[in-house]
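Q: One structure is given below, represented as structure tokens, and several questions about it will come after.
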Amino acid sequence: APSTPPARCALKFKEYTMTKKLITVSVNGKKEEKAVEPRTLLIHFLREELNLTGAHIGCETSHCGVCTVDIDGQSVKSCTHLAIQCDGSEVLTVEGLANKGVLHAVQEGFYKEHGLQCGFCTPGMLMRAYRFLHENPNPSEDEIRHGMSGNLCRCTGYQNIIKAVQYAAKKLQEPVAA
């Protein structure tokens, strides 16, 4: 049986025994029900609890965008968003973009237009491009630059990322084959 900590340690002991909260969240179309500590960041929930490692951990201050996911139709930087805030929400990660092995238009655009180099920023870029093109399906180059400005890349000159988003915008406008 666990012993009771000495009085001088009681506060520290209490800090490490937070009560977990049960959350239900749909991630990439799959209902997930997990008990999480209230302080658990969404990025850690996705990576450690659900083994979805596409979203990366970068700056942990929401400046770089490598952790970007889609929550209820909005781009969110998961490094500063608590998992319990997603209770009852729909979350889409980069792993959920492709449909039955067919790349989404933004993934195809990054592939065809060489919109990546090292790949570290790519999942966040893809997720931001996905949401951006829902918000603005026919953007100008300047609108793409502004819409993607919250996601940083240290390798490219951004030009191929812009081309990739333009490619995806055009592809998404094409009629769907029956």
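Q: Only four residue types carry charge here, +1 at the Cβ of Lys and Arg and -1 at the Cβ of Asp and Glu. Report the dipole size of the range 39-128 about the Cα centre in Debye, rounded to the nearest 20.
A: Dipole about the Cα centre, nearest 20: 180 debye.
Q: Next up: Highest mean first, what order results for 98-106, 142-150 on Cβ atoms within 10 Å?
A: Descending mean neighbour count gives 142-150, 98-106.
Q: Within the range 136-178, whose backbone N sits under 18 Å from a point 7 Å along Cα→Cβ of Glu90?
A: Hits in the range 136-178 for Glu90 at 18 Å: 136-137.
Q: Using a probe of 1.4 angstrom, how much of the accessible area of the range 27-87 is carbon and sulfur, in percent?
A: 43
Q: Which of the lysines could be linked to Lys112 by a straight reach, that is with a Cα gap under 21 Å, when you skip same-chain ones fewer than 8 residues away?
A: Lys100, Lys163, Lys170, Lys171
Q: Which value, in Å², gives the accessible area per residue of the chain when a 1.4 Å probe is used on the protein heavy atoms?
A: The answer is 59 Å² per residue.
Q: Further question on the same structure: Select one label from [x] 1.43; [y] 1.00; [z] 1.09: the one whose number is Rg/Rh (Cα atoms, Kirkwood Rh) as derived from the coordinates shown.
A: It is the value labelled [z].
Q: Please report the accessible area of Thr80 (heavy atoms, 1.4 Å probe, ligands and nucleic acids excluded) in Å², nearest 10.
A: Taking all protein chains as shown, Thr80 has close to 80 Å².
Q: Also, I was wondering about something else. What percent do you get for the relative contact order of the range 38-142 when only Cα pairs under 8 Å and 6+ apart count?
A: 29
The values are calculated or read from the model by the stated rules, or taken from the named source; none is laboratory data. If you're wondering where the values come from, they're calculated on a predicted model, not measured in any experiment. Don't worry about glycine lacking a Cβ; one is built from the backbone with ideal geometry, like all the others, and counts go over all protein chains shown. Each accessible area value is taken on the protein alone, full model and side chains, heavy atoms only, with ligands, DNA and RNA left out. Shrake-Rupley method; radii C 1.70, N 1.55, O 1.52, S 1.80 Å.
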